[in-house]
1. For the stretch B:247-258, give me each residue that is out of contact with any helix residue (DSSP H, G or I) (no Cβ under 6 Å at 6 or more places or on another chain), closer than 23 Å to B:Gln101 by Cα and open to solvent by 50 Å² or more (accessible area, probe 1.4 Å).
2. Taking the stretch A:7-35 as the region of interest, how many residues are in contact (Cβ under 8 Å) with a residue 60 or more places away in the chain, assigned to a helix (DSSP H, G or I), open to solvent by 10 Å² or more (accessible area, probe 1.4 Å) and within 23 Å of A:Glu85 (Cβ to Cβ)?
3. Out of all the residues in the stretch A:269-303, which are open to solvent by 10 Å² or more (accessible area, probe 1.4 Å) and away from chain B (no Cβ under 11 Å)?
4. Just wondering, is there one or more residues in the stretch B:190-208 that are over 29 Å from B:Ser22 (Cβ atoms) and away from chain A (no Cβ under 14 Å)?
5. Can you spot a residue in the stretch A:253-265 that is more than 17 Å from A:Cys127 (Cα to Cα) and more than 14 Å from chain B (Cβ to nearest Cβ)?
6. For the stretch A:279-298, give me each residue that is assigned to a helix (DSSP H, G or I) and either over 22 Å from A:Leu214 (Cα atoms) or in contact with a Pro (Cβ under 9 Å, 6 or more places away or on another chain) (or both).
Number of protein chains: 2
Amino acid sequence: MRIAVVGAGALGLYYGAVLQKSGNDVYFLLRSDYTAINAEGLTVYSVNGDFHLPKVKSFRSPSEIGTVDLVVVGLKTFANSSYAELITPLVGNKTQILTLQNGLGNEESLAALFGKEKILGGVAYLCSIREKPGEVRHLGEGRILLGEYSKIDSTRTEEIASRFRAAGVECRSVSDLKRARWEKLVWNIPFNGLCALMLKSVDSFLKFEPTRRLIREIMEEVITAANTQCLLKEIPLSLAEKMVASSSNLGQYKPSMLIDRLKDRPLELEAIFGIPLQIAAEKGIQMPRVQQIFALLQLTETD
Amino acid sequence: MRIAVVGAGALGLYYGAVLQKSGNDVYFLLRSDYTAINAEGLTVYSVNGDFHLPKVKSFRSPSEIGTVDLVVVGLKTFANSSYAELITPLVGNKTQILTLQNGLGNEESLAALFGKEKILGGVAYLCSIREKPGEVRHLGEGRILLGEYSKIDSTRTEEIASRFRAAGVECRSVSDLKRARWEKLVWNIPFNGLCALMLKSVDSFLKFEPTRRLIREIMEEVITAANTQCLLKEIPLSLAEKMVASSSNLGQYKPSMLIDRLKDRPLELEAIFGIPLQIAAEKGIQMPRVQQIFALLQLTETD
């Protein structure tokens, strides 16, 4: 299967690498890592075992790649305005486009450009960081919940899921992609938001009772908003307490938005805050704590 | 009138100085400024005209002062646990105690120690900073709303108010001290809180639409809570918009909590956040945005 990876950061490089290692024909669209990977290949330091791919098909322009069977999108969402430019040359009649990006709105934007029947979404739970060019460190997790954006074609979803599983990635298809996206937001909104705002890692908020309670309250706001979104099955409010408890194991974990902030990159504010707030407001739901974090993070981006 | 000033920071020194200048017998309880003021007196650089008091009655211990007619309390509220030690030696049968401190809870604590009939409260709108020891800069405003904590004795309130007016301070007595305190909180909670949290001055929040709206929403939370507190007259929600508009003139103004933070002093969190939140909760009112700011500021104090 010809697979193109667009947005080859810590996530795209990791999944692309394991897909190539397990026998897929993977094409990497690269920018900053191009020279290093083209010359020396790609190295993955992983909790599941390190490996090196000496030969990696690396490209600087999507037209050199041409059409593929599957596009895996790992772009930071603030780069979504590049969808058309980066993805169009890769798309033929039968191409499927899988976005593994954060937050909401990605499938919608891709569908508007390429047709909704082509679009799949994957909610990736992955801890990985890009170190030097050509090197990725996989710190833990990695599972993907895979779902169709519009039509339910469990055959094709299952086919892609099994391809990820063959690459050693825990992957299952879900019938309600929207629910899976919101479930991840229940975690991402408080932790990405507050960690980036306060420049602190996850444990700082959990070991201090007032902020531990705050995290749970923010999660409850998000769950309440999620449950107005016509999910196939409601998300129980008790997920908040469960997530808070299970996050206590994460130690000094830095969510991606904190890493973006520390590296002076733009933040994924629209996908993780702006669009969820807007979608909730359309159902008459306010998320005052979430709105406040969003406004303050937006302010920091004006500096 | 023998007046003792306890808590001689930017506020206590300023009001003590103008009261002495207008002929009152003022006793300053000093710590860090003692040496400078004892040797060289007290200088006020004021928008109303600079002046110097070459002789200032300065003391390091309240027992050297003895009982007075009026104690003016200007302590930072995080030092309220020193009330008994600092004030008891000053209090005789007829002593009145006027707290000009920030936030809620000060009158209650003083009343518990010295009897509620002795207590008055003043809501001070003053922009002043302490510069070098022995020097205060009065940047603007200064008016005081003066009220009784328990009994309504307009004679004595009016007597003290006229003493302040004789010292050039705009001062009027109010029948509802609680309402005046909450009105000041409508401003203090968002601006002190967010400025200290984000290390930014007032204008940063007002010139950016999402945070300007946030400020107004926080103010509306506080007004809603205030109006459950059996005020003689409700505070209209429209005060929020009015305050936001009038604050636009303040420019790069730094609220006291931001100054405290920049000087690495403790923050007045209990008086401005903790107690108002608790009092509102007792009436079944949540202030989610206020609660969030409080939790995050508390977290910063654990560093």
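The values are calculated or read from the model by the stated rules, or taken from the named source; none is laboratory data. Given the structure is predicted, the values throughout are model-derived calculations rather than measurements. Cβ sites come from the backbone with ideal geometry, for glycine too, and all protein chains shown count toward neighbours. Remember, those area values only see protein heavy atoms, side chains included, never the ligands or the DNA or RNA. Shrake-Rupley method; radii C 1.70, N 1.55, O 1.52, S 1.80 Å.
1. Selection gives B:Lys254 alone.
2. Result for the stretch A:7-35: 3.
3. Selection gives A:Glu270, A:Ile275, A:Gln278, A:Ile279, A:Ala281, A:Glu282, A:Lys283, A:Gly284, A:Ile285.
4. yes
5. yes
6. The answer is A:Ile279, A:Glu282, A:Pro288, A:Arg289, A:Val290, A:Gln291, A:Gln292, A:Ile293, A:Phe294, A:Ala295, A:Leu296, A:Gln298.
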